[in-house]
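One structure is given here, and the rest of the page talks about it.
Readers should treat all values here as calculations from the given coordinates under stated rules, not as data from a laboratory. Quantities reported herein were computed from a predicted structural model and do not represent experimental measurements. No Cβ is skipped: glycine too gets one built from the backbone with ideal geometry, and neighbour counts run over all protein chains shown.
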Amino acid sequence: MKTAIDTRRILDQLEAQHPDAGTALDYGNAYELLVATILSAQSTDRRINLVTPELFRRFPDAHALAAATPAVLEPLIHATGFFRAKAKSLIGMATALVERHGGRVPADMAALVALPGVGRKTANVVLGHALGVPGLAVDRHVLRVANRIGIAASDDPEVVESQLTSKLPRARWTRASDTLILHGRRICRPKPLCDQCAVRDDCDYFARVILPARRAARPRTSPSRGTRRVRPPRR
């Protein structure tokens, strides 16, 4: 893996390439971001942003959402996919918020992940963006980008989170996650756009996979037809 110094330098370059990095989910408070992030699983932020305005109008806080029924909630979130499981998680999450925290979203990792439907990624998003607590969310984009570049080395999100946070100041955690996610969406896709990458020269994947493949694909030069090779005279 890259050193802490190299990791920070690489993230400096990526942040310069993506100065607009940040969560694309629309929200007004921690409760709304928590709901939106739960809904975003296996969906797109754009689709979630189309669904949440009416959802938040009908259920503006945890108390209202805890009183919802699946029959009322499911049609409102149907477009996000897996709507039955998500409705169950949302109602369970809201009920737990009311019962354990008076309806307020706690600014604590352990308390957040104890809520139904909330994992470390969701908790880190809410902590970092809505509650002012540094958090480094690791989704599929962060996993792919960090491992390809070589600033992390694991398929386990919690391990990658630990590896990255150990190399960065706490104040950089949230921005680092946002930047890696956006880089994964725009540039370092499953089929990467390496020629548009600001850190290509530091990337292990580019050096190990892309460059050798490009070299192997180059046509071999050979003498053109019609030309004769002149042999040296015999002695």
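Points to keep in mind about this one:
- Rounded to the nearest 20, the Cβ-based charge dipole of region 30-130 about its Cα centre (Lys and Arg +1, Asp and Glu -1) stands at 200 debye.
- Length-normalised contact order for the chain - Cα pairs under 8 Å, 6+ apart - percent: 21
- Global geometry of region 84-140, whether rounded, prolate or oblate, following the gyration tensor of its Cα atoms and the 1.5 cut on a/c: oblate
- Farthest towards the positive end of the charge dipole of the chain, among the residues L112, I210, L73, is the Cα of I210, using unit charges on the Cβ of Lys, Arg, Asp and Glu.
- The modelled label-to-label distance for the pair D108/R84, using points 7 Å beyond Cα in the direction of Cβ, is 3.5 nm.
- With both labels modelled 7 Å from their Cα along Cα-to-Cβ, the N49 to T69 distance reads 3.4 nm.
- Backbone N under 17 Å from the V209 label point (7 Å along Cα→Cβ), restricted to region 169-191: 181, 183-191
- Debye equation applied to the C-alpha atoms of region 30-130, log10 I(q)/I(0) at 0.25 Å⁻¹: -1.53
- Cβ-defined net charge surrounding A96, 13 Å radius [Lys, Arg +1; Asp, Glu -1]: +2
- Seen against the Cα atoms of the chain and their longest principal axis, helix 173-186 is set at about 60 degrees.
- For region 30-130, the relative contact order comes to 32 percent (Cα pairs under 8 Å, sequence separation of at least 6).
- Three-way shape label, region 50-96, alpha-carbon gyration tensor, a/c 1.5: oblate
- Compared with the dominant Cα axis of the chain, that is its longest principal axis, helix 140-149 is turned about 30°.
- Hydrodynamic estimate: the Kirkwood radius of the chain over Cα pairs, inserted into Stokes-Einstein at 10 °C and 1.306 mPa s, corresponds to D of 79 µm²/s.
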